[in-house]
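In what follows, a single structure is set out as C-alpha coordinates and then discussed.
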Amino acid sequence: MFHGLYQKKQQHQDAEICDTFGWPPMYRFRLPDEHVSAPQNFDFEIGLESQPSRSLTMAQIKAMPTSTEMRLIASRFGWAYRANWSCITFQTLFSLFSNPNMYEWVQMTSLNHQRMIIRRDQLSQWRLIYACNNQPLTPLYGGPLWMHNFDHYVEYGFNHIQSLKLLQTTPDIPSNASCKHSWFHAETLGYKLSDDDCRIAAGTYYAIHEEKLVELGHLGKKL
(Lines give C-alpha, C1' and ligand atoms only; values in the text may rest on other atoms or scores of the structure.)
Protein backbone atom coordinates (compact mmCIF):
# COMPACT_ATOMS: atom_id res chain seq x y z
CA MET A 1 0.00 0.00 0.00
CA PHE A 2 2.81 2.40 0.87
CA HIS A 3 4.40 1.79 -2.54
CA GLY A 4 1.15 2.68 -4.31
CA LEU A 5 0.64 5.81 -2.25
CA TYR A 6 4.24 6.84 -2.79
CA GLN A 7 3.96 6.38 -6.57
CA LYS A 8 0.76 8.42 -6.69
CA LYS A 9 2.24 11.20 -4.58
CA GLN A 10 5.48 11.20 -6.56
CA GLN A 11 3.66 11.42 -9.89
CA HIS A 12 1.65 14.37 -8.61
CA GLN A 13 4.80 16.14 -7.40
CA ASP A 14 6.62 15.47 -10.67
CA ALA A 15 3.75 16.93 -12.66
CA GLU A 16 3.58 20.04 -10.47
CA ILE A 17 7.24 20.87 -9.97
CA CYS A 18 9.26 18.71 -12.38
CA ASP A 19 11.97 18.51 -9.75
CA THR A 20 12.77 15.18 -8.11
CA PHE A 21 15.71 13.05 -7.01
CA GLY A 22 13.59 9.96 -6.48
CA TRP A 23 13.03 10.59 -2.77
CA PRO A 24 10.31 12.76 -1.18
CA PRO A 25 11.12 16.50 -1.13
CA MET A 26 12.36 18.16 2.05
CA TYR A 27 10.88 21.59 1.41
CA ARG A 28 9.22 23.15 4.47
CA PHE A 29 9.10 26.93 4.09
CA ARG A 30 9.05 29.46 1.30
CA LEU A 31 12.52 30.79 0.49
CA PRO A 32 13.39 34.32 -0.63
CA ASP A 33 12.71 34.55 -4.36
CA GLU A 34 16.34 35.22 -5.29
CA HIS A 35 17.42 31.84 -3.92
CA VAL A 36 14.76 30.03 -5.95
CA SER A 37 15.21 31.86 -9.24
CA ALA A 38 19.02 32.18 -9.09
CA PRO A 39 20.50 29.53 -6.77
CA GLN A 40 23.89 30.00 -8.45
CA ASN A 41 24.18 33.33 -6.60
CA PHE A 42 24.11 31.59 -3.21
CA ASP A 43 26.83 32.56 -0.73
CA PHE A 44 27.62 30.66 2.46
CA GLU A 45 28.75 32.86 5.34
CA ILE A 46 31.15 31.69 8.05
CA GLY A 47 32.58 33.65 10.95
CA LEU A 48 33.13 34.18 14.65
CA GLU A 49 30.74 35.87 17.05
CA SER A 50 31.09 39.65 17.24
CA GLN A 51 33.29 39.67 14.13
CA PRO A 52 32.55 40.21 10.43
CA SER A 53 31.79 37.04 8.47
CA ARG A 54 33.37 35.93 5.21
CA SER A 55 31.43 34.55 2.26
CA LEU A 56 32.07 31.37 0.29
CA THR A 57 30.48 30.71 -3.09
CA MET A 58 29.39 27.19 -4.00
CA ALA A 59 32.38 27.03 -6.36
CA GLN A 60 34.72 27.80 -3.45
CA ILE A 61 33.00 25.22 -1.26
CA LYS A 62 33.37 22.53 -3.93
CA ALA A 63 37.04 23.46 -4.34
CA MET A 64 37.67 22.52 -0.71
CA PRO A 65 38.36 18.90 0.33
CA THR A 66 34.98 17.24 -0.23
CA SER A 67 33.81 13.64 -0.32
CA THR A 68 31.13 11.49 -1.90
CA GLU A 69 29.52 9.03 0.49
CA MET A 70 27.26 6.15 -0.50
CA ARG A 71 24.82 6.31 2.40
CA LEU A 72 21.21 5.57 3.20
CA ILE A 73 18.75 8.18 4.42
CA ALA A 74 15.53 7.20 6.19
CA SER A 75 12.32 8.87 7.25
CA ARG A 76 10.08 8.49 10.28
CA PHE A 77 7.33 7.92 7.70
CA GLY A 78 8.81 4.55 6.75
CA TRP A 79 10.83 5.09 3.59
CA ALA A 80 14.55 4.81 2.92
CA TYR A 81 16.77 5.84 0.01
CA ARG A 82 20.40 5.02 -0.77
CA ALA A 83 22.43 7.36 -2.97
CA ASN A 84 25.78 9.07 -3.47
CA TRP A 85 25.92 12.26 -1.41
CA SER A 86 28.47 14.97 -2.16
CA CYS A 87 29.35 16.72 1.07
CA ILE A 88 31.84 18.57 3.19
CA THR A 89 32.69 17.85 6.82
CA PHE A 90 32.56 20.44 9.54
CA GLN A 91 36.16 19.60 10.41
CA THR A 92 37.08 20.90 6.96
CA LEU A 93 35.18 24.12 7.57
CA PHE A 94 36.74 24.57 11.00
CA SER A 95 40.20 24.32 9.40
CA LEU A 96 39.52 27.75 7.89
CA PHE A 97 39.77 29.24 11.40
CA SER A 98 43.07 29.70 13.23
CA ASN A 99 41.72 28.75 16.66
CA PRO A 100 38.38 26.90 16.39
CA ASN A 101 38.98 25.01 19.66
CA MET A 102 38.40 28.24 21.57
CA TYR A 103 34.75 28.17 20.49
CA GLU A 104 32.48 25.64 22.18
CA TRP A 105 29.27 26.27 20.26
CA VAL A 106 28.30 26.50 16.60
CA GLN A 107 25.24 28.34 15.34
CA MET A 108 23.71 27.63 11.93
CA THR A 109 21.11 29.90 10.35
CA SER A 110 18.96 29.00 7.35
CA LEU A 111 17.84 31.09 4.39
CA ASN A 112 14.40 31.37 6.02
CA HIS A 113 15.93 32.53 9.33
CA GLN A 114 15.54 29.27 11.24
CA ARG A 115 18.32 28.58 13.73
CA MET A 116 20.19 25.58 15.05
CA ILE A 117 22.84 25.59 17.79
CA ILE A 118 25.04 22.64 18.62
CA ARG A 119 28.29 21.99 20.48
CA ARG A 120 31.26 22.03 18.13
CA ASP A 121 32.48 18.64 19.36
CA GLN A 122 29.12 17.04 18.46
CA LEU A 123 29.43 17.81 14.76
CA SER A 124 31.83 15.06 13.71
CA GLN A 125 29.02 12.89 12.26
CA TRP A 126 27.18 15.74 10.54
CA ARG A 127 27.69 16.74 6.92
CA LEU A 128 26.92 19.72 4.73
CA ILE A 129 25.42 18.05 1.64
CA TYR A 130 25.28 19.91 -1.66
CA ALA A 131 24.53 17.19 -4.23
CA CYS A 132 22.73 13.86 -4.61
CA ASN A 133 24.03 11.49 -7.30
CA ASN A 134 26.08 14.38 -8.73
CA GLN A 135 23.01 16.63 -9.05
CA PRO A 136 22.99 19.88 -7.00
CA LEU A 137 20.38 19.92 -4.26
CA THR A 138 17.58 22.30 -5.14
CA PRO A 139 15.62 24.32 -2.55
CA LEU A 140 12.86 21.72 -2.72
CA TYR A 141 15.31 19.18 -1.30
CA GLY A 142 16.91 21.37 1.35
CA GLY A 143 19.53 22.93 -0.94
CA PRO A 144 21.74 24.55 -1.81
CA LEU A 145 23.23 23.22 1.48
CA TRP A 146 21.50 20.62 3.65
CA MET A 147 22.94 19.76 7.06
CA HIS A 148 22.37 16.11 7.98
CA ASN A 149 23.60 13.29 10.22
CA PHE A 150 23.18 9.96 8.38
CA ASP A 151 22.45 8.19 11.67
CA HIS A 152 19.36 10.40 12.12
CA TYR A 153 16.00 10.49 10.37
CA VAL A 154 15.81 13.10 7.61
CA GLU A 155 13.21 15.02 9.60
CA TYR A 156 15.98 16.08 12.00
CA GLY A 157 18.24 17.48 9.30
CA PHE A 158 18.52 21.23 8.84
CA ASN A 159 17.62 22.68 5.45
CA HIS A 160 18.84 25.66 3.42
CA ILE A 161 21.91 26.44 5.54
CA GLN A 162 23.11 29.99 4.87
CA SER A 163 25.60 30.72 7.61
CA LEU A 164 27.81 29.21 10.30
CA LYS A 165 29.10 31.13 13.27
CA LEU A 166 31.41 29.94 16.05
CA LEU A 167 30.29 31.06 19.51
CA GLN A 168 32.66 31.30 22.45
CA THR A 169 30.07 31.94 25.13
CA THR A 170 26.94 30.01 26.04
CA PRO A 171 24.36 30.97 23.40
CA ASP A 172 21.18 32.81 24.25
CA ILE A 173 18.67 30.01 23.83
CA PRO A 174 14.98 30.46 24.76
CA SER A 175 14.30 29.21 28.28
CA ASN A 176 11.59 26.83 27.03
CA ALA A 177 13.89 25.09 24.53
CA SER A 178 13.77 21.36 25.23
CA CYS A 179 17.52 20.88 24.88
CA LYS A 180 19.00 24.20 25.89
CA HIS A 181 22.04 22.63 27.59
CA SER A 182 23.08 20.52 24.63
CA TRP A 183 21.64 21.69 21.34
CA PHE A 184 18.81 23.77 19.95
CA HIS A 185 16.80 22.96 16.83
CA ALA A 186 14.00 24.91 15.19
CA GLU A 187 11.56 22.07 16.00
CA THR A 188 9.58 22.95 12.89
CA LEU A 189 7.91 19.54 12.66
CA GLY A 190 6.98 19.25 16.32
CA TYR A 191 9.18 16.24 17.08
CA LYS A 192 10.87 15.75 20.41
CA LEU A 193 14.57 16.30 19.82
CA SER A 194 16.21 13.65 21.96
CA ASP A 195 18.89 11.30 20.67
CA ASP A 196 16.54 8.33 20.98
CA ASP A 197 13.95 10.00 18.75
CA CYS A 198 16.45 11.31 16.20
CA ARG A 199 18.30 8.07 15.55
CA ILE A 200 17.04 5.63 12.92
CA ALA A 201 15.32 2.70 14.64
CA ALA A 202 15.37 -0.91 13.47
CA GLY A 203 12.29 -1.88 11.48
CA THR A 204 10.72 -2.36 8.07
CA TYR A 205 11.17 0.45 5.53
CA TYR A 206 10.19 0.90 1.91
CA ALA A 207 13.50 1.19 0.03
CA ILE A 208 12.69 3.59 -2.80
CA HIS A 209 15.92 2.79 -4.68
CA GLU A 210 15.09 -0.94 -4.65
CA GLU A 211 11.30 -0.60 -4.87
CA LYS A 212 10.71 -3.10 -2.09
CA LEU A 213 10.31 -3.43 1.65
CA VAL A 214 13.54 -4.10 3.53
CA GLU A 215 14.46 -4.78 7.14
CA LEU A 216 16.89 -2.24 8.56
CA GLY A 217 18.76 -2.48 11.82
CA HIS A 218 19.60 0.29 14.26
CA LEU A 219 20.92 3.47 12.54
CA GLY A 220 19.75 2.22 9.17
CA LYS A 221 22.17 -0.69 8.83
CA LYS A 222 20.93 -3.24 6.32
CA LEU A 223 20.27 -6.65 7.86
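The values are calculated or read from the model by the stated rules, or taken from the named source; none is laboratory data. Keep in mind that this is a model prediction, so the values were computed, not measured. Cβ: placed from backbone, ideal geometry, glycine included. Neighbour counts: every protein chain shown. Protein only, heavy atoms only, side chains kept; ligands, DNA and RNA dropped before computing areas. Shrake-Rupley method; radii C 1.70, N 1.55, O 1.52, S 1.80 Å.
Per residue, what volume in Å³ does the convex hull of the Cα atoms of segment 65-133 enclose? Present the calculation step by step, with values, prior to reporting the outcome.
Details: hull volume 8.3 nm³, N = 69.
Considering the Cα atoms of segment 65-133, their hull volume per residue is 120 Å³.
For a paramagnetic label modelled on N84 (point 7 Å from Cα along Cα→Cβ), amide N atoms under 16 Å away belong, within segment 130-172, to 130-137.
For T57 and D197 in the same chain, what is the full-extension length gain: residue separation times 0.36 nm, less their Cα-Cα distance, in nm? List each step's numbers first, then the result.
Working: separation 140, 0.36 × 140 = 50.40 nm, distance 3.43 nm.
Full-extension gain reported as 47.0 nm.
The simple spin-label model puts a point 7 Å past each Cα toward its Cβ; for E211 and I46 those points are separated by 4.2 nm. Placing a pseudo-label 7 Å from each Cα along the Cα-to-Cβ vector at Q91 and Q122 gives an inter-label distance of 2.0 nm. The solvent-accessible area of W146, taken with every protein chain present and a 1.4 Å probe, is close to 0 Å².
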